[in-house]
Each structure stands twice: as C-alpha cells, then as structure tokens.
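Bear in mind these aren't lab numbers, they're just calculated from the coordinates by the rules spelled out. Every value quoted in this text rests on a predicted model; they were computed, and no experiment measured them. Here the Cβ positions follow ideal geometry from the backbone for every residue, glycine too, while neighbour counts run over all protein chains shown.
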Amino acid sequence: MDIMIDIETCGTGPDACVLTIAAQCFDPLARHDFQDYRSFYARIDPESQPNRNVQDDTLAWWATQPLEAREEAFGTDNRVALSRALEQLGKLIWQSQRFWANGPTFDANILEHAYKEHNLALPWKFYVVRDARTVYSLCPDLKKYPASHHALEDCRRQIILLWDSFEMLNIQKIL
C-alpha cells in the first residue's frame, strides 16, 4: 500500500502555516474505489501554529480561488491542532510502502518541518518519498484535471493521474 499526501497552506516555505492535510492510501498498480482504502483529512487550527509563516502573496493567491475552496481552507469549523493531526497522520504513513506527493519539495518538506517543530518522529524514511508530478510529465498526452484545492479531493485526483500515467507507460512494477 502506498500513500498520496496533499496539503493546503498559507505559504510556500518549509515553515508555512498549514490549513488542511489529506492522505489517501492506494495500490499504485491497481485501480480501486477509494472507499476500499484508508484516508485521512484534517482542517488545521492556525492558532496552533504560532511559529509558522503566513505569506501575503499566498493569501492574495487564495483570494483568487473559488469560494468553496476558500471556505474549506479558511472556515473555522472542525479545526484540530497541528500536533494532533501530525500524530494521526503519522500512524497512517508508517504503514505505507511509498509516500507520494505532487512535487519533490513542497508537501514533504513542510510536513517534515512541522514534525520536527513538534518534536515528533518523522513517520517516513527519506528514500520512500516519490514525486507524482515527474511521472505525469513522462506522459505528454495525459489528460489533466484541475485541482480543487480541497486536499483530499486533490489526493484522489493525483492518484488517478498516477494510475493513468502508469497505464500509458505500461508500468507493471515499482521499486
């Protein structure tokens, strides 16, 4: 079982304030209904992140996003402390063979910084991190779907793109 991670933030640096965290477990070589595998989704309380960075240019970008995406990212209902979300997420990541994200330097770096900031053990080894976006780039005819900026929906969209890429590339095995 692999895991796809997606986060939404108020910045782009490793110390960015985290708005939402999502993870979806999946088999990278076999399409399935997402409900058959575990997932994780948490809306994070910004007040639990006093030392994390909020960038004005990222807030300006959020202002251009659809209302539904902004409400999900910034709404005040059902928020949890970042440390609690990281503990729960870590239990799911530990069980995964590979840790996928869209890009090699965003999601994993921000989460790693947050785990270290909260003195929590990093729940993945550096060598299991995989970049889905690089795989997509190997398939120039891949049909792209727009991001919703709802972290769990985007995890699932990224998995579908990965499955489509592996099918186009005739990938039968992953190391």
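The residue among His113, Thr64, Phe74 whose Cα reaches farthest toward the positive pole of the charge dipole of the range 1-129, with charges on the beta-carbon of Lys, Arg, Asp and Glu, is His113. By the Stokes-Einstein formula, at 0.890 mPa s and 25 °C, the chain with its Kirkwood radius over alpha-carbon pairs has D equal to 148 µm²/s. For the chain, the membrane-span-like helix rule (DSSP H, alpha carbon extent of at least 20 Å along the helix axis, mean Kyte-Doolittle at least -0.5) picks out 151-168; this says nothing about an actual membrane. Take 97-105, 56-64 and order them by the average number of nearby Cβ atoms within 10 Å per residue, most first; the result is 97-105, 56-64. Placing +1 on the Cβ of every Lys and Arg and -1 on the Cβ of every Asp and Glu, with no other charges, gives the chain a dipole of roughly 520 debye about its Cα centre. Starting from the Cα of Lys91, draw a straight line to each of the lysines and keep only those under 30 Å, dropping any in the same chain fewer than 8 residues away. Excluding near neighbours in sequence, the set is Lys116, Lys125, Lys173.
Peptides 24-33, 106-115, ordered by how many other C-beta atoms sit within 10 Å of their residues on average, highest first, read 106-115, 24-33. Based on C-alpha pairs under 8 angstrom that are at least 6 apart in sequence, the chain has a relative contact order of 30 percent. Computed from the Cβ-Cβ distance with R0 of 30 Å, the FRET efficiency linking Asp15 to Glu68 stands at 0.65. At full extension, Ala147 and Lys116 could sit 8.3 nm farther apart than now, given 0.36 nm per residue minus the alpha carbon distance. Spacing of the modelled spin labels on Val54 and Phe126, each 7 Å from Cα toward Cβ, amounts to 3.4 nm. Close amide H partners of Ala81, meaning residues 5 or more places away or on another chain with modelled amide H under 5 Å apart, are Asp45.
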